[in-house]
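The values are calculated or read from the model by the stated rules, or taken from the named source; none is laboratory data. Just so it is clear, the structure is predicted and the values come from calculations on it, not from any experiment. Counting neighbours? That spans all protein chains shown, and the Cβs are built from the backbone with ideal geometry, glycine included. What goes into the accessible areas is simple: the full protein's heavy atoms, side chains included, and nothing from ligands, DNA or RNA. Shrake-Rupley method; radii C 1.70, N 1.55, O 1.52, S 1.80 Å.
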Amino acid sequence: MSESTTAAKDRVPFVQKLVYGLGALANNLVPASLGCMVIVLNLEFHMDPAKIGLILALSKLTDAIVDPIMGYVSDHTSFRWGRRRPYMVVGAILSGIIYALMWRLPPGHSKHFYFFFFLIGTNILFICYTIFAAPFIGLGYEMTADYHERTRIQAFANFIGQVAWLAVPWFWAVMYNKTIFSDPVNGARGLAIGVGIAITLCGMLPGLLCKEPFYKIALKEHKQSESKESLFNGALHHVQSFFRGIWITLKNARFTKLALATFFIFNGFMIIAGLGNYTIIYYLFHGDKNASTSGKYIGLFGSLSSLCTFGAIFIVAWLASKIGKKKAFLISTSLAILGFAIKFPFYNPQMPWLILLAAPLTAFGLGGLFTTVAAMIADVCDQDELENGQRREATFGAIYWFMVKLGNAVALALSGYVLNWTGFHEELGGAQTSQTLLLLRMFEVGIPVITYLAAIAIMLPYDLTQERAQEIRKELEKRRGTAS
């Protein structure tokens, strides 16, 4: 079946795609803004980068642990409003409120106080965030049964969600702009209120307006499964069902390939995500933190990367419709590797604008990843239903993100140590050693090149093709028709 022959019943209306995309914006705003704004803890509160990394790592670990639980709860919910939507609304409201509150760091306290204040705040935030995110990811997998429409939905969501990454590079310039805020700490407080409002509004909309096409099918399948296992009632049944579901999911070889590929690409990027800012400030501009110099280039590179990611998403989605999702993934990841490789020679203090030329290629990394892999997981969910008799989109999404976030916790913890391994010392300002400046660039380039290559190696044997996905759908529809 070609892209042009998607049946009318399988097409998701534009408004539904738009609303789901706004949910992706809320989903991205939490980690994107947090990762950008924590630099204030180092530069203004003088907190050790390793401790900042530890805060982010522990909160991500909490997020990862809660994810499978929330995915199971969402898959087994039978509210009259759906099994996803109520959680999304509540989670979005709580996440927005907590995000705004956690940046109200009271002045005049010790570094230990700020460490525990922010550690507690981020852990509460990620619990609330998971209440929204796990059902939201599951909803995206079930909005259509069509092979190509799934790619278009994920491309649309990825496109709108990318706005978060377009905006956050300018947070530095906003927080450090003395015409807007008296100091960067107040800048972070004010900015957090705006971010919290955006998270709440954008996160609530898909919970209020999106449909759940597989809701009745899922309820029927779960009732049939539970009736066969009536011996295990109440909490005991759900505990057993939860762990059995995790085991079945992890045994799915196609799913584990997708999760591991994402693990390497996303976390390879996250380990070095903050290093770029330090390299621009201390290598290109010799420690000048002024918003009109280093701040401008931090914002320009981040925004250009995001703008190029918009284009990358469309290109990858088009490629997926022509040559398949797997090949589109391999091409986009290879382009990103090339982009990171050319960053090293393009870091030039005499011509700082050169670094901007790497952005169009590096943008294919995450842009291609979340467009193709999310659509492939939706196909895997169909395969799982055929083999195990249940719709478990949120469980797949939650375990997928559990594996990614577990690695992300390690990546965030490592990010602070990586900065320390370069020999960077904040108190030296622009007088960092030449070895430090060299290692900043080497780590920023070398780590993602290695992890992206690992992801390509993992995905080469992936074998769920378009033809097989369409066969699975026909078998499922035949089974459902017979059962009814």
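The table below gives the values:
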| item | result |
| --- | --- |
| Subset of segment 5-44 [modelled with pLDDT under 85 and open to solvent by 30 Å² or more (accessible area, probe 1.4 Å)] | Thr5, Ala7, Ala8, Lys9, Gly35, Glu44 |
| Top-ranked residue in segment 354-393 [being farther than 30 Å from Ser241 by Cβ, among the hydrophobic types (A, V, I, L, M, F, W, C) and in contact (Cβ under 8 Å) with a residue 60 or more places away in the chain; ranked as surrounded by the most Cβ atoms within 10 Å (Cβ to Cβ)] | Leu369 |
| Positions within segment 134-149 being out of contact with any Asp or Glu (no Cβ under 8 Å at 6 or more places or on another chain) and farther than 15 Å from Gln16 by Cα, in sequence order | Pro135 |
| Residue match in segment 47-65 (condition: without any contact (Cβ under 8 Å) to a residue 24 or more places away in the chain and closer than 24 Å to Ser306 by Cβ) | no |
| Total residues in segment 76-89, condition in contact (Cβ under 8 Å) with a residue 60 or more places away in the chain and either part of a loop (DSSP other than H, G, I, E, B) or open to solvent by 50 Å² or more (accessible area, probe 1.4 Å) (or both) | 5 |
| Elements of type helices (runs of 4 or more DSSP H) in segment 314-422, at least 1 residues being hydrophobic (A, V, I, L, M, F, W, C), touching a helix residue (DSSP H, G or I) at 6+ places or on another chain (Cβ under 9 Å) and modelled with pLDDT of 90 or more | 325-346, 359-362, 364-388 |
| Scope segment 253-291; condition assigned to a helix (DSSP H, G or I), touching a Gly at 6+ places or on another chain (Cβ under 7 Å), open to solvent by 20 Å² or more (accessible area, probe 1.4 Å) and farther than 17 Å from Met376 by Cα; matching residues | Phe269 |
| Tally of residues being in a helix (DSSP H, G or I) and either open to solvent by 10 Å² or more (accessible area, probe 1.4 Å) or closer than 16 Å to Phe45 by Cβ (or both) across segment 100-138 | 22 |
| Condition broken by Thr422, with the remaining ones in (1) crowded, with 23+ Cβ neighbours inside 10 Å; (2) among the polar types (S, T, N, Q); (3) within 30 Å of Val66 (Cα to Cα) satisfied | (3) |
| Residues being crowded, with 21+ Cβ neighbours inside 10 Å and more than 17 Å from Leu275 (Cβ to Cβ) - total across segment 338-352 | 0 |
| Test: Ala164 is more than 30 Å from Leu476 (Cβ to Cβ), modelled with pLDDT under 85 and assigned to a helix (DSSP H, G or I) | no |
| Members of segment 10-28 that are among the hydrophobic types (A, V, I, L, M, F, W, C) and either outside any helix (DSSP H, G or I) or under 17 Å from Arg189 (Cβ atoms) (or both) | Val12 |
| Residue within segment 453-463 that is open to solvent by 20 Å² or more (accessible area, probe 1.4 Å), in contact with a Ser or Thr (Cβ under 6 Å, 6 or more places away or on another chain) and at pLDDT 80 or above present | yes |
| Matching entry among Phe45, Phe14 (being aromatic (Phe, Trp, Tyr) and more than 25 Å from Pro206 (Cα to Cα)) | Phe45 |
| Residue match in segment 212-232 (condition: open to solvent by 40 Å² or more (accessible area, probe 1.4 Å), modelled with pLDDT of 75 or more and not in a loop (DSSP other than H, G, I, E, B)) | no |
| Subset tally (residues that are assigned to a loop (DSSP other than H, G, I, E, B) and either open to solvent by 50 Å² or more (accessible area, probe 1.4 Å) or modelled with pLDDT of 85 or more (or both)) for segment 45-75 | 2 |
